[in-house]
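Only the coordinates and a few stated rules stand behind these numbers; no lab work does. Bear in mind the structure is a predicted one, so any value in this text is a computation, not a measurement. Note that we place each Cβ from the backbone using ideal geometry, even for glycine, and neighbour counts take in every protein chain shown.
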Amino acid sequence: MVSIKDNRQLNYCIGLGSNIGDRENLLVEACKLLGQKAGSIEKVSSVYLSEPWGNDELKPFLNMALIIQSRLHPLEVLKICQSIEDTLGRTRVAVKMDYIDRTIDIDILLCDQNIIEHEFLTVPHPHLAKRNFVLEPLVEIAGSWIHPELNKSIKELKLMCDDHNMVKRSMPPLIKPASNES
């Protein structure tokens, strides 16, 4: 794992998705909890409706992305993300299955230019460049960010992506960034 100095301000790109339950409300609650527990929400993407990836039998997803500034270590942010998923009713199965219905899914996509290889966390997210439902909201808030392993901007990765699943903007951002709150 990359060495990250304690108490250093880090910028995280976080991806969120939901395809069962009150999807919109689950995304709002997840954002609120991330803002309370993980750090300051600096940017918020629109919400995108997307076809399920990897399993056509799943329901459509609502996806979005955030940029959060935090002094927390990436493993601490991961624990917070997993705790929020649990609080909002995400069911985890004993057998690793990537493609199941989820009340909420929260992933750390990027952490500044850090490359993290840990038993429980890989950053950049290993599938980031392969999935339009991740790239579309990310382009909106972090299009110029450079993927530290592929050395391409998020916008370039979106243009190169071979994923042709439908992803369309369905609603404006659900919450305001911390800098816009009054």
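Listed values, structure above:
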{"read-out": "Sparse-neighbour loop sites [chymotrypsin sites (Phe, Trp or Tyr not before Pro); the stretch 119-157; at most 15 other C-beta within 10 Å; DSSP]", "value": "PHE120"}
{"read-out": "Computed E for GLU42/ILE100 - FRET, C-beta separation, R0 41 angstrom, nearest 0.05", "value": "0.85"}
{"read-out": "Dipole magnitude of the chain, debye to nearest 20 (Cβ charges: Lys/Arg +1, Asp/Glu -1, about Cα centre)", "value": "360"}
{"read-out": "Distant-in-sequence amide H partners of VAL47 (H built 1.01 Å from N, under 5 Å)", "value": "SER170, MET171"}
{"read-out": "Fully extended contour minus Cα-Cα distance, from ALA178 to LEU58, at 0.36 nm per residue", "value": "39.8 nm"}
{"read-out": "Pair MET171, LYS130: separation of 7 Å Cα→Cβ label points (nm)", "value": "3.0"}
{"read-out": "Residues of the stretch 58-74 with amide N under 17 Å of the 7 Å Cα→Cβ point at ASN25", "value": "62"}
{"read-out": "Gyration tensor (alpha-carbon) shape descriptor, the chain, a/c threshold 1.5", "value": "rounded"}
{"read-out": "Those trypsin sites (Lys or Arg not before Pro) in the stretch 141-182 that DSSP places in a loop and that have at most 15 other beta carbons within 10 Å", "value": "LYS152"}
{"read-out": "Check: the stretch 132-180 dipole with +1 on Lys, Arg Cβ and -1 on Asp, Glu Cβ, in debye", "value": "240"}
